[in-house]
């Protein structure tokens, strides 16, 4: 432990009701924006974590959930690239990203030149964008770009039975030339179950929703580690001894108390 005295002092402060309430009221927003990287993202205009590393523009609860899963053997199809492409490239076996914006495509291309597991395509027409993945199959499909309704229909034709679909901004209706259709309803009618992750996202100042869809054969939820507690401000300052997890998952961090949780 780095500083028993400091840890004891902070624990004592938290036991004083008025200070505990004041800390929850004023320090929690500061802690959130610093630890998630939201402040840094807002300043840079790019989705990054607290250290400046690329993260998807999904809600933070969705990012936390996906960060636990093992995608190392998964093939990813992504409609709409960005920092999410870089994030998936670090975790998945392969990533196919389809983009329609030339300048954004070039931004991604420069940052994935040394990535052998990333395949980028700049699509010039909506038809190309929607239909290019046909004839192939993928373990995980990300719908986070243009033509989302049509892309969702294509996703149903290319997703493998054990895979899943992620739809960002899932609270919105999509569709231009036809009556507005809720993609979430369409995917559920096709036999998918849904988990919604509401919350704030990098750079955004209003909450939104990122949804994950999965079928009966989906493997993702079968391989998740036990829930963990992220190392926070106090833990990072005061440290703690690392205890191996009995399940072989993330290590448990113990400070003065045994309930300090699990650290990333």
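The values are calculated or read from the model by the stated rules, or taken from the named source; none is laboratory data. Please read these numbers as outputs of a predicted model, since none were measured by experiment. Quick reminder, even Gly has a Cβ in these numbers, built from the backbone with ideal geometry, and neighbours come from all protein chains shown.
Could you tell me whether residue 146 is more than 17 Å from residue 168 (Cα to Cα) and not in a helix (DSSP H, G or I)? It is false that residue 146 is more than 17 Å from residue 168 (Cα to Cα) and not in a helix (DSSP H, G or I). If you filter the range 21-67 down to residues that are in a loop (DSSP other than H, G, I, E, B) and out of contact with any strand residue (DSSP E or B) (no Cβ under 9 Å at 6 or more places or on another chain), you find that the one that is surrounded by the fewest Cβ atoms within 10 Å (Cβ to Cβ) is 51.
Note on the range 171-213: residues that are at pLDDT 90 or above, surrounded by fewer than 20 Cβ atoms within 10 Å (Cβ to Cβ) and in contact with a strand residue (DSSP E or B) (Cβ under 7 Å, 6 or more places away or on another chain) total 7. Counting residues in the range 114-128 that are assigned to a loop (DSSP other than H, G, I, E, B), over 19 Å from residue 83 (Cα atoms) and touching a residue at least 40 places away in the same chain (Cβ under 8 Å) gives zero.
For the range 113-123, a tally of residues being over 29 Å from residue 221 (Cα atoms) and modelled with pLDDT of 95 or more returns 3.
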